[in-house]
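Read the structure below first, then the notes.
The values are calculated or read from the model by the stated rules, or taken from the named source; none is laboratory data. A quick note: this is a predicted structure, and the numbers were derived from the prediction, not measured. Counting neighbours? That spans all protein chains shown, and the Cβs are built from the backbone with ideal geometry, glycine included.
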Amino acid sequence: MQFFVEFSAIIVLVAIVNYWLLFPTLVMAIVFYFLRHVYTNTARSIKRVEASTRSPIFSHANASFQGLSTIRAFGVEKILADEFDKHQDLNTSAWYLFLATTRAFAQWLELVCVLYIAVVTLSFLTVESSMSGNVGLAITQVFNLIFMCQWGMRQTAELENQMTSVERVVEYAEVDPEPALVSIGKHKPPPEWPASGAIRFEHFSLRYSSKADAVLRDINLSIRAGEKIGIVGRTGAGKSSIIQALFRLAVNEGIIHIDGVDIGTLGLHDLRKRISIIPQDPILFSGTVRENLDPFKQHQDDTLWKALDSVELKEAVKAMEGALDGKMSDGGSNFSMGQRQLVCLARAILRNNRILILDEATANVDPETDKLIQRTIRDQFQHCTVLTIAHRLHTVMDSDRVLVMDAGKALEYGHPHELLQRADGALKRLVNQTESSTAQQLASIAQDSYNNHRLRQVTSTPDQDPTNAA
């Protein structure tokens with residue numbers, strides 16, 4: 001308010017002394033507005049770039065501090081330092097560009113102000129009737145006017161620049177809320193749901209937003225209760241999008257039935273707590289082992305120890321100070337990667353859900369831990385439906401069926417041995433891309449699994465003619 005009053009008073013004073021000065025004042029105001037418009041659009045974009053390049057610096061530094069012992073053990077400090085320098089150089093470049101833009105804006109304002117003062121001074125020289133006192137007062141006030149305009153332009157421009165952080169907050173505030181967390185009325189599933197774990201996709205597509213392209217396209221497949229399904233494909237084929245579809249993490253189009261119930265009608269809590277998942281990067285929290293295994297305190301100690309024994313972590317936890325109440329660092333950093341994955345597996349055992357999803361759970365563990373996880377899954381989840389996102393083909397070649405994804409579409413779906421018999425099959429191409437010895441081993445695993453599968457079919461129907469069963 002004070003700025004507006006002073007600005008208006010100076011304009012009136014200058015107009016009284018020489019009303020022709022209103023024209024150059026108007027021109028100066030228009031030029032100021034144009035410069036401010038150009039500057040704010042440019043500086044705002046640069047500020048966004050600077051903010052986006054700042055986050056990797058802190059993320060890299062935090063990750064380096066957490067893994068400092070490992071970094072020093074392998075002697076890769078120089079590599080990590082070089083990566084940090086790259087992040088820092090990129091951010092510094094953006095910040096320097098922002099400073100250069102600000103200085104350029106200030107110089108253009110100074111240039112316009114100098115021209116305006118020259119015009120005002122020359123105008124008084126051409127008007128002989130002007131009194132020297134009024135002319136001096138007018139010129140003095142013009143300097144104040146210029147200072148106020150410069151200060152106002154810079155402050156409003158800086159305000160817009162700093163609002164880039166607010167823009168990011170507003171983006172989160174305007175995100176469409178998730179559907180209801182709890183099922184309502186007749187859509188509430190029974191307590192024992194899902195009892196078997198049968199899954200069916202009907203003309204299903206998935207988008208990450210309503211305006212984005214579909215990442216899954218017209219998926220139609222049926223998964224029988226208790227089946228072990230492997231999902232393979234190249235990077236970006238849509239494997240992990242299947243998981244997001246089941247947990248309703250994106251925009252679903254079409255229908256997914258679990259035990260005959262359309263999951264689109266369920267509350268998110270009712271759906272997500274009935275499906276267990278072991279991700280590629282194990283999620284552990286700072287606290288105790290007990291809190292990470294059983295965050296809702298639903299199980300007795302005997303049950304927790306039994307779950308830990310199933311994944312061969314019982315002795316390791318017993319050796320900790322406090323045992324089940326032993327402290328676990330943020331992210332489980334006091335555990336090895338394999339042990340973190342086994343804690344997640346024990347947590348899934350405690351949940352005892354009929355559907356288990358493995359999102360490349362063995363991609364970052366050693367072969368021995370991989371074998372332990374596979375053996376535990378076969379023993380503890382033999383009656384559950386298991387979906388495995390495969391990083392290693394060895395992991396899924398003994399599955400009941402394999403789904404081959406590419407570009408969001410289901411190319412093939414069947415037993416791996418049957419798919420390998422197709423001369424130009426998608427799974428066969430993936431297997432042939434490995435070394436010849438590995439390809440033969442994968443084919444052998446698939447054949448053994450197929451023979452065992454057919455044998456189980458025959459023995460489960462003793463009254464049926466084995467020839468017809470085959």
Only one of 338, 331, 267, 322 is at pLDDT below 85, farther than 30 Å from residue 395 by Cα and not hydroxyl-bearing (Ser, Thr, Tyr); which?
322
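Return the only residue of 192, 178, 171 being surrounded by fewer than 16 Cβ atoms within 10 Å (Cβ to Cβ) and not in a loop (DSSP other than H, G, I, E, B). If you could, list the steps in order and put the result at the bottom.
Details: 192 fails: not in a loop (DSSP other than H, G, I, E, B); 178 fails: not in a loop (DSSP other than H, G, I, E, B).
Selected residue: 171, the only one of 192, 178, 171 that is surrounded by fewer than 16 Cβ atoms within 10 Å (Cβ to Cβ) and not in a loop (DSSP other than H, G, I, E, B).
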Filtering segment 338-353 down to residues that are more than 10 Å from residue 278 (Cβ to Cβ) and among the charged types (D, E, K, R) yields 340, 351
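Kindly evaluate residue 259 against the criterion of being in contact (Cβ under 8 Å) with a residue 40 or more places away in the chain and surrounded by fewer than 17 Cβ atoms within 10 Å (Cβ to Cβ).
Numbers: in contact (Cβ under 8 Å) with a residue 40 or more places away in the chain: yes; surrounded by fewer than 17 Cβ atoms within 10 Å (Cβ to Cβ): no.
No, not satisfied.
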Quick test for you: out of 342, 372, 356, 419, pick the one residue that is of a type in the set (A, V, I, L, M, F, W, C) and within 23 Å of residue 193 (Cα to Cα).
356
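Just checking, which of 26, 13 is at pLDDT 80 or above, over 22 Å from residue 100 (Cβ atoms) and assigned to a helix (DSSP H, G or I)? Outline the logic, then answer.
Numbers: 13 fails: at pLDDT 80 or above.
Answer to the check: 26.
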Restricting attention to segment 407-424, and to residues there that are of a type in the set (Asp, Glu) and either surrounded by fewer than 17 Cβ atoms within 10 Å (Cβ to Cβ) or outside the structural domain of residue 218 (by the TED database) (or both), which single residue is nearest to residue 237 (Cα to Cα)?
424
Consider segment 306-331. How many of its residues are farther than 15 Å from residue 294 by Cα and of a type in the set (Gly, Ala, Ser)?
6
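For segment 327-340, what are the residues that are over 19 Å from residue 71 (Cα atoms) and surrounded by 17 or more Cβ atoms within 10 Å (Cβ to Cβ)? Lay out the reasoning, then the answer.
Filtering segment 327-340 for residues over 19 Å from residue 71 (Cα atoms) gives 327-328, 339-340.
The answer is 328, 339, 340.
When you go through 241, 165 one by one, which is the residue that is surrounded by fewer than 16 Cβ atoms within 10 Å (Cβ to Cβ) and at pLDDT below 90?
Values: 241 fails: surrounded by fewer than 16 Cβ atoms within 10 Å (Cβ to Cβ).
So the residue among 241, 165 that is surrounded by fewer than 16 Cβ atoms within 10 Å (Cβ to Cβ) and at pLDDT below 90 is 165.
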Looking at (1) part of a helix (DSSP H, G or I); (2) among the β-branched types (Val, Ile, Thr); (3) crowded, with 21+ Cβ neighbours inside 10 Å, can you tell me which one residue 402 breaks?
(1)
Out of 119, 135, 114, which single residue is among the β-branched types (Val, Ile, Thr) and modelled with pLDDT under 75?
135
Out of the residues in segment 371-412 that are in contact with a helix residue (DSSP H, G or I) (Cβ under 9 Å, 6 or more places away or on another chain), modelled with pLDDT of 85 or more and small (Gly, Ala, Ser), state the one that is nearest to residue 338 (Cα to Cα).
399
